[in-house]
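The values are calculated or read from the model by the stated rules, or taken from the named source; none is laboratory data. In this text the structure is predicted, and so the values were computed from the model without any measurement. Virtual Cβ from ideal backbone geometry, glycine too; neighbours counted across all protein chains shown.
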Amino acid sequence: MKIYTKTGDDGETALFGGKRVSKNSPLIEAIGEVDELNAQLGLCRAALAAGRADFAAQSNSLKIIQNRLFNLGAALAGAPSIFSTQTDQILKELEDHIDQLEIENTKLSGAPLKNFILPAGCKEAAHLHVARAVCRRAERAAIRASASPSTTKYLNRLSDMLFVMARNVNLKSGTKEEKWTKRAN
């Protein structure tokens, strides 16, 4: 199988089923943003693998999410996908994971989060914060493309999960979170 097909040289690409659309359509933009998010999560996994051994659980969670993002991209392109049949279960699993991380974060920090924090910290957490921002951009692109509500809900929850995961990585690494101050000095 050749990697290049030359069928996209005219500025169009094919969706599932063969329909041709412009590469600058909102739908293709959304698919591209999800692809970029997936690549960013690969970078997060590489950073986590190079970090501490206790980051393995986060890396494993991101691997599952990367596979789901391929399914999400396929759903956006019109292919049958788990997002059309298992959305409620997928969202529940993601929400449960967020809740578990929040409980752990509260134990590690000694108190629930009550302030905005700067997207910073150790290298692994900083990568997760970038992924969170890319996820929010993918969510906005999916909305512009009139994607299904399950797609936008998933991306919304995923950005929340990436935020609490970044906090978890910072807390586990002993990196102090920096509170946002209205008046920077």
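Scan the stretch 4-23 and tell me whether some residue there is buried (at least 19 other Cβ atoms within 10 Å of the Cβ) and either assigned to a loop (DSSP other than H, G, I, E, B) or hydrophobic (A, V, I, L, M, F, W, C) (or both). Spell out the reasoning first.
Residues of the stretch 4-23 that are buried (at least 19 other Cβ atoms within 10 Å of the Cβ), as a first pass: none.
No, the stretch 4-23 has no match at all.
The set of residues in the stretch 130-156 that are under 24 Å from ASP54 (Cβ atoms) and either surrounded by fewer than 20 Cβ atoms within 10 Å (Cβ to Cβ) or more than 10 Å from the chain's Cα centre (by Cα) (or both) contains only VAL130. Of all residue pairs spaced 6 or more apart or on separate chains, those with beta-carbon atoms under 9 Å, a first member in the stretch 70-92 that is modelled with pLDDT under 90 and a second member that is surrounded by 15 or more Cβ atoms within 10 Å (Cβ to Cβ) and among the aromatic types (Phe, Trp, Tyr) are PHE83/TYR154; THR87/TYR154. Scanning the stretch 24-60 for residues that are buried (at least 16 other Cβ atoms within 10 Å of the Cβ), without any contact (Cβ under 8 Å) to a residue 60 or more places away in the chain and among the polar types (S, T, N, Q) returns ASN38, SER59. Within the stretch 144-167, the residues that satisfy the criterion of being of a type outside the set (D, E, K, R), modelled with pLDDT of 95 or more, touching a Leu at 6+ places or on another chain (Cβ under 7 Å) and under 16 Å from LEU91 (Cβ atoms) are TYR154, LEU158, MET161, LEU162, VAL164.
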